[in-house]
1. Restricting to the range 46-81, count the residues that are of a type in the set (Lys, Arg) and either in contact with a His (Cβ under 9 Å, 6 or more places away or on another chain) or outside any helix (DSSP H, G or I) (or both).
2. For the range 45-76, enumerate the residues that are modelled with pLDDT under 90, among the hydrophobic types (A, V, I, L, M, F, W, C) and surrounded by 10 or more Cβ atoms within 10 Å (Cβ to Cβ).
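The values are calculated or read from the model by the stated rules, or taken from the named source; none is laboratory data. Just so it is clear, the structure is predicted and the values come from calculations on it, not from any experiment. Note that we place each Cβ from the backbone using ideal geometry, even for glycine, and neighbour counts take in every protein chain shown.
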Amino acid sequence: MAQGKMKLKSKLPDGAKVKKGKGKAVTKRSNAPVKSKDKVVKKNKMKNTVTKMVNAAAEKQLRALATGAPELSAAQQRVAKAPTAPTPAK
């Protein structure tokens, strides 16, 4: 059998002050303007497009090198055809 008194929650005296919480550190304005996501979405799409184009060109060059027949771009062809300066004799 249980012995002793039943435990009761203690109550604060009538004159005691109750502590209040400090609240949130940052308060948000209810009427704050919402930024448009349109610019960010367009920027990300452009980045993805450029990345895909660069990767495709790099892959094409690597495949050409791997198969043995190098496909040069127009700029690379002009550089390859340009006359080179004669090397001075030592």
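1. Residues flagged as of a type in the set (Lys, Arg) and either in contact with a His (Cβ under 9 Å, 6 or more places away or on another chain) or outside any helix (DSSP H, G or I) (or both) within the range 46-81 amount to 0.
2. Residues satisfying the conditions are 62, 64, 65, 72.
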